[in-house]
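The values are calculated or read from the model by the stated rules, or taken from the named source; none is laboratory data. From a predicted model like this one, the values you see are computed outputs, not experimental measurements. Every residue, glycine among them, receives a Cβ derived from its backbone with ideal geometry; neighbour counts consider all protein chains shown. Accessible surface is based on the protein model in full, side chains and every heavy atom, while ligands, DNA and RNA are left aside. Shrake-Rupley method; radii C 1.70, N 1.55, O 1.52, S 1.80 Å.
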Amino acid sequence: MRYTFACLVRNLAAGTRLALLRPVARGDFRVDLAQLALLLVLSALLDIAIDFAESAPDSVFDLSGLGAEFVGAGVLLAAATAVALALRRAALALAVPVLALAAYPVLQVVRIALAKVPAAEATGWALTVALLAWSAVLIARATFVAVGRDGAASR
């Protein structure tokens, strides 16, 4: 169990470098099903925190909102599987989501922080577009790092 959480910390550190466009390599990540599960749970918890930060003080938690988490995870896994099939590299079906989910908390924490900044409301649409662009860059970079420089998936 300690090893699994050490790998999670390692993945989050490497994911932070990935999200901030700092140098990072596929070997900096630990990819396995336990990491995927932990990162999916962490992402869901951070999304709940984002919703809480952006909601009115008298809002009530609604479990039906968890459906969006499953859809998002499904789209990520399906896209990673499509990349893996297209490149004939089965390892990418797991590596791409782990790398992307390891980087995504940086963006999620920024969203939580922005929800608490009054000036962020005035430029809401611009911030939304910027965050969407950052998210697209993050997922593309995770894919390129997972594939590796020579086009072969690192194991």
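Looking at the stretch 100-115, I want the residues that are among the hydroxyl-bearing types (Ser, Thr, Tyr) and have a partner that is open to solvent by 40 Å² or more (accessible area, probe 1.4 Å) with Cβ atoms under 9 Å, at least 6 apart or on another chain. Which pairs are those?
As it stands, the answer is TYR104/LEU42; TYR104/ILE139, since those pairs meet every condition given.
Anything in the stretch 16-54 that is open to solvent by 50 Å² or more (accessible area, probe 1.4 Å) and aromatic (Phe, Trp, Tyr)? List them, or say none.
PHE52, the sole residue that qualifies.
Among the residues of the stretch 2-15, are any farther than 28 Å from GLY148 by Cα, without any contact (Cβ under 8 Å) to a residue 12 or more places away in the chain, more than 16 Å from the chain's Cα centre (by Cα) and open to solvent by 40 Å² or more (accessible area, probe 1.4 Å)?
Yes: one or more hits.
Being part of a helix (DSSP H, G or I), within 20 Å of VAL137 (Cβ to Cβ), touching a residue at least 24 places away in the same chain (Cβ under 8 Å) and of a type in the set (S, T, N, Q), is that true of even one residue in the stretch 26-36?
Going through the stretch 26-36, the residues part of a helix (DSSP H, G or I) turn out to be 26-28, 33-36.
Remaining after also requiring within 20 Å of VAL137 (Cβ to Cβ): 26, 28.
This time we only want the ones that are touching a residue at least 24 places away in the same chain (Cβ under 8 Å), so: 26.
Restricting the remaining residues to those that are of a type in the set (S, T, N, Q) gives none.
Scanning the stretch 26-36, I find no residue that is part of a helix (DSSP H, G or I), within 20 Å of VAL137 (Cβ to Cβ), touching a residue at least 24 places away in the same chain (Cβ under 8 Å) and of a type in the set (S, T, N, Q), so the answer is no.
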